[in-house]
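The values are calculated or read from the model by the stated rules, or taken from the named source; none is laboratory data. Keep in mind that what you see is a predicted model, and the values were worked out from it rather than measured. Cβ placement follows ideal geometry from the backbone for every residue including glycine, while neighbour counts extend to all protein chains displayed.
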Amino acid sequence: MSIETMVVRLNALVFLLYGLAFSVFPEALSRLVVGTAPGTVSGVMDMRATYGGMSVAVGILLLVLASGRKTVRQGLVAVMLLMLSMAAGRLLGMVMDGTGNTLMSAYLALEIAMAALVSWLLVRRS
């Protein structure tokens, strides 16, 4: 298995596990990640859908892209877009709202590091 395939599969696994966990334990994970939980049934339901269901779908899409030699490059591009978009949203939040908790900084560092790794893999592969 190539390093490119491993990176896409690793990201797929993270999104799948994150999504499954938020689908089953949205309130507990929300408290862990951001320090609070939604206060309404609709808030919890939206968290299950967005953090849960959408993250599971992203994980499945990445697994599909990682499964073919011809689609691994698209998987890398998808990972880079995901990481850069998440990092940009997190940075915007830090600028507009403040730095947040330590986990937000850790997520940002991981998103930037993964985007850099994927960029290097894409350039190397060209």
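Sub-6 Å Cβ pairs linking a first residue in region 80-100 that is closer than 19 Å to VAL14 by Cβ to a second residue that is surrounded by 16 or more Cβ atoms within 10 Å (Cβ to Cβ) and of a type outside the set (A, V, I, L, M), at least 6 apart or interchain, are MET83/GLU111; MET86/GLU111; ALA87/GLU111, ordered by first then second residue.
Restricting attention to region 27-51, which residues are closer than 21 Å to ALA106 by Cβ and surrounded by 14 or more Cβ atoms within 10 Å (Cβ to Cβ)? Result: LEU29, SER30, VAL33, ALA37, MET47, TYR51. Condition first: surrounded by fewer than 16 Cβ atoms within 10 Å (Cβ to Cβ), part of a helix (DSSP H, G or I) and not basic (Lys, Arg). Can you find one or more residues in region 66-75 that meet it? No, region 66-75 contains no residue that is surrounded by fewer than 16 Cβ atoms within 10 Å (Cβ to Cβ), part of a helix (DSSP H, G or I) and not basic (Lys, Arg). Is it the case that region 1-19 has a residue that's of a type in the set (A, V, I, L, M, F, W, C) and modelled with pLDDT under 95? Within region 1-19 (the criterion being of a type in the set (A, V, I, L, M, F, W, C) and modelled with pLDDT under 95), the answer is yes, since at least one residue qualifies. Taking region 33-52 as the range and being in contact (Cβ under 8 Å) with a residue 24 or more places away in the chain and farther than 22 Å from ARG9 by Cα as the test, the residues that pass are VAL33, VAL34, GLY35, MET47, ARG48. Kindly establish whether LEU13 is out of contact with any Asp or Glu (no Cβ under 8 Å at 6 or more places or on another chain) and under 24 Å from LEU108 (Cβ atoms). So LEU13 passes the test.
Among the residues of region 77-125, those that are in contact with a helix residue (DSSP H, G or I) (Cβ under 9 Å, 6 or more places away or on another chain) and outside any helix (DSSP H, G or I) comprise THR99, GLY100, ASN101. Yes or no: region 53-63 includes at least one residue that is out of contact with any Cys (no Cβ under 8 Å at 6 or more places or on another chain), in contact (Cβ under 8 Å) with a residue 12 or more places away in the chain and hydroxyl-bearing (Ser, Thr, Tyr). Scanning region 53-63 turns up at least one residue that is out of contact with any Cys (no Cβ under 8 Å at 6 or more places or on another chain), in contact (Cβ under 8 Å) with a residue 12 or more places away in the chain and hydroxyl-bearing (Ser, Thr, Tyr). A residue that is modelled with pLDDT of 95 or more, outside any helix (DSSP H, G or I) and either out of contact with any strand residue (DSSP E or B) (no Cβ under 8 Å at 6 or more places or on another chain) or among the small types (Gly, Ala, Ser) (or both) occurs nowhere in region 46-58.
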